[in-house]
Every structure is written in C-alpha cells, then in structure tokens.
Amino acid sequence: PTFAGLAARVGALVHEHLGGELEMWSAVGKTNVRFGAADGYSGHAEELPIDVREAARGESSSSGRRVALPMRSPLTGRVGGVAVLSFAEDHELAPATLRIVDQIASLVEIGLGRETIRRAGELERSAFYDLATHDPLTGLYNRHYLEDTGPRMCAVDERAGSGHLAALMIDLDH
C-alpha cells in the first residue's frame, strides 16, 4: 500500500479503538492530513502547533488531548513528519497504549521511507525519460519521442477514423 493508504488504515484503527483522530503533519511544508472520522487533506497551517514543532525537532510530546510523535526516515534518521493523535476530550493514555502508539509510529515511519524511495524512483525515471525524449538545446521533442509515441498516435487516429494525422520533423542543426 501507499503511505497515504497505510496512514488511512492506521487512522481508522485509532478512531475505532481509541476514539481519536490521527493527524499527519509534514515537518517542512506545514501540511496537515487527518485520518479518522473524516479522512483527507486538511490544508496548510500558517504556523505549526507547538506540539508539532517540538516533535519536528525529535521530541515526543503529550497533553490531555494530543500526543505528538516524530516520524523519522529509516534511511536518514531525520524527522520528515509528525504523527499526532488527537481526542475530543482529555484522554489518559496508559503506558501500554503509548508503547503501541510508538510501535504504530515506527510502522508509519517505514511506510514513509518506502514512499520516499518510490517517489524518488518515479522522479528519476521521469527525468531520464525527459532526457531521452527532448532535445537538450531546444527542449523540443526529439526523434526518440516520435518513435515512441508515433505508433500510438497512428492507432488513435485509426480508431477515430479521422484521417487527419500529420507529423513534421525539421533537422535544425544541419
């Protein structure tokens, strides 16, 4: 599953078993995503809450209504986000529950690391594809792009039956 899918599953468990919500904060972008009763993107914050700032520095914090846990990248050890359990009213978490929450945060960290690796791979593949299909001088598509997409364009034109497909290629450097 993707990181968002993993976080949504964990959020559903938190909501079902603890009666709270899971908030995922990006330590860098001030982005907040809530999982629980209403899943999804919650928006950007002008300023991170105090407990999230502390957790972004690597310090867990706990109050009656919120528990903030830093999420470290397994690859770099740096805090990349913060998981916050929030409750509607004061909620005393037993030490055993806090240990379970800490274990959940570890699993979410692993998911975050995997998602980071997956996204880095996608960006790298995209960059290589752009290098292979664009002229470095002009930035325009090159012959390799035409060879790659030409047959697909012809097939789409055949299915549409329009017969209006045209291609133009100019060799500017000779």
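So if I take the alpha carbon set of the range 135-174, get Rg, then get Rh from the Kirkwood formula, what is the Rg over Rh ratio?
Ratio of gyration radius to Kirkwood radius: 1.07.
Could you compute the FRET efficiency for Tyr129 and Ala155, with r as their C-beta to C-beta distance and R0 at 25 Å, rounded to 0.05?
0.75
Distance in nm between label sites at Ile170 and Glu92, each 7 Å beyond Cα in the beta-carbon direction?
The answer from the label model is 7.9 nm.
Only the coordinates and a few stated rules stand behind these numbers; no lab work does. Predicted, not measured: the structure shown is a model, and the values here were computed from it. Ideal geometry is used to build each Cβ from the backbone, glycine not excepted, and the neighbour counts take in all protein chains shown.
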